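Input: a single structure, listed below in structure tokens.
The values are calculated or read from the model by the stated rules, or taken from the named source; none is laboratory data. Not measured: the values here are computed from a predicted model. Cβ placement follows ideal geometry from the backbone for every residue including glycine, while neighbour counts extend to all protein chains displayed. Surface areas here come from the heavy atoms of the whole protein model, side chains and all, with no ligands, DNA or RNA. Shrake-Rupley method; radii C 1.70, N 1.55, O 1.52, S 1.80 Å.
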Amino acid sequence: MSNTWTWKPFDNTTNNNIDLDIEMLKTEIGKNFPFYDVKYGKDTVAFFCRIDEYLLEEKFDSLRKSLSEKGYIPMIRHEVGEQVIYVIRKPKIKKRPNWINIILLIATIFTTTLAGSLQWVSIKSATWEEVISLSYLLNGLIYFSIPLLLILGIHEMGHYFTSKKHHLDTSLPYFIPLPPPFTLGTFGALISTREPIPDRKTLLDIGISGPICGFLVAIPICIIGLFLMQQNPIIIKPTTDNLNVTFPLILQGFSKFFIIPENAIIHPTLFAGWVGLFITAINLLPIGQLDGGHVARAILKEKQRYASWVVIIIIFVLGLVYPGWLMFAFIILFLIGTQHQPPLNDFSPLDNRRKILGIIAFIIFIISFAPIPISA
């Protein structure tokens, strides 16, 4: 998951003097976009321009880079039949030191190793004191923690390197530890983009890169997990206390190549791969600041908010069958939100390659999503 930078809208409630280099801004804007009017707001200047959409992408990118070096951010909007370029001063963002990322990673390795050890204790019907024994901790690290963190880490590094490719200031991944008794030992990971997204192409690239990278790592981990489960299946008696993990379509397909009893305990490595697929699917929901929200905003533009609400309604309906979705829906509404900030340039169209990537994102979601992830 990637957090994108947000900006405050134009405020035309005051025309007082503002701390902006007006003459420099007029010169820079005029080089690329002839303007016929200028209005001043609090810490904002609005240039009303005549824009040649054929050259818009190239000229706006040149303007953005030029103003960024001088400490400003331009954004182009279409309002009441007019095309307007707003300019604001680039906010000062305090960067957190990298040692925070390292400490969080170490803590998450520890908590996911404990979570993996707990799984092995349950599988082997060992005593709970064995959770902190060296052998169980080592199994938890190798068979669960490393596979899971590889999926999460490479997912976030996909966002990171794509952001760097587009010359955006982006943080390294922040892993979120979650101590036992929680099953996973982590609440995932995220990166923070410290600059606004320049255009729809960049927005789609950043949004899709993480899920694709995580998906490509989750697949071999799932196959390894299925192989390990086949080699040493542990059978349990069906009871009302047992929980069944529902395989998404892609895992159902892979499982046909392995001979595994239906009532076998899921191997921790396969469980890590399953979690990776499930997280990939959740991130691809076209909602707010989720990766799927980035992709949907790039493709649908302002219509993305309708897709968000349709999906939220579907999640509430699923919650009638699987109550966990109700909690997730409330998390979306109160923490993530349904709205997505538009890129600075929301006009330049997507090329065919990126439209195909959008279709690929939808396919990955369909084959990775389990409507009822866990059942009794």
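General remarks:
- Some residue of segment 218-226 being in contact with a strand residue (DSSP E or B) (Cβ under 9 Å, 6 or more places away or on another chain) and aliphatic (A, V, I, L, M): no
- Here is the figure for segment 283-333: residues that are open to solvent by less than 10 Å² (accessible area, probe 1.4 Å) and charged (D, E, K, R) total 1.
- Test: residue in segment 42-53 that is outside any loop (DSSP other than H, G, I, E, B) and surrounded by fewer than 14 Cβ atoms within 10 Å (Cβ to Cβ): no
- Taken as a whole, segment 309-331 holds no residue that is hydroxyl-bearing (Ser, Thr, Tyr), at pLDDT 90 or above and out of contact with any Leu (no Cβ under 7 Å at 6 or more places or on another chain).
- Taken over segment 140-166, residues that are in contact with a strand residue (DSSP E or B) (Cβ under 6 Å, 6 or more places away or on another chain) and among the hydrophobic types (A, V, I, L, M, F, W, C) amount to 1.
- Hits in segment 78-89 - residues which are open to solvent by 60 Å² or more (accessible area, probe 1.4 Å), of a type outside the set (Asp, Glu) and in contact (Cβ under 8 Å) with a residue 24 or more places away in the chain: HIS78, ARG89
- Scanning segment 122-177 for residues that are small (Gly, Ala, Ser), within 16 Å of the chain's Cα centre (by Cα) and not in a helix (DSSP H, G or I) yields one hit, SER171.
- Qualifying residue in segment 190-200 (condition: in contact with a helix residue (DSSP H, G or I) (Cβ under 6 Å, 6 or more places away or on another chain), open to solvent by 40 Å² or more (accessible area, probe 1.4 Å) and of a type in the set (A, V, I, L, M, F, W, C)): no
- Listed by first and then second residue, the pairs with beta-carbon distance under 6 Å, at least 6 apart or on different chains, first residue in segment 52-66 and touching a residue at least 24 places away in the same chain (Cβ under 8 Å) and among the aromatic types (Phe, Trp, Tyr), second open to solvent by less than 70 Å² (accessible area, probe 1.4 Å) and not in a loop (DSSP other than H, G, I, E, B), are PHE60/ASN345.
- Residue in segment 64-77 that is open to solvent by 90 Å² or more (accessible area, probe 1.4 Å) and touching a strand residue (DSSP E or B) at 6+ places or on another chain (Cβ under 9 Å) present: no
- Those residues of segment 1-55 which are of a type in the set (D, E, K, R) and at pLDDT 60 or above, in sequence order: ASP21, GLU23, LYS26, GLU28, LYS31, ASP37, LYS39, LYS42, ASP43, ARG50, ASP52, GLU53
- Qualifying residue in segment 202-210 (condition: exposed (fewer than 15 other Cβ atoms within 10 Å of the Cβ), in a helix (DSSP H, G or I) and modelled with pLDDT of 90 or more): no
- Residues that are among the aromatic types (Phe, Trp, Tyr), modelled with pLDDT of 90 or more and open to solvent by 70 Å² or more (accessible area, probe 1.4 Å), drawn from segment 144-185: PHE161
- Single residue of segment 334-363 satisfying the filter (β-branched (Val, Ile, Thr) and modelled with pLDDT of 90 or more) that is least open to solvent (accessible area, probe 1.4 Å): ILE360
- Residue in segment 90-113 that is out of contact with any Ser or Thr (no Cβ under 8 Å at 6 or more places or on another chain), crowded, with 20+ Cβ neighbours inside 10 Å and not charged (D, E, K, R) present: no
- Among the residues making up segment 124-143, those that are crowded, with 16+ Cβ neighbours inside 10 Å and of a type in the set (A, V, I, L, M, F, W, C) are VAL131, LEU137, LEU141.
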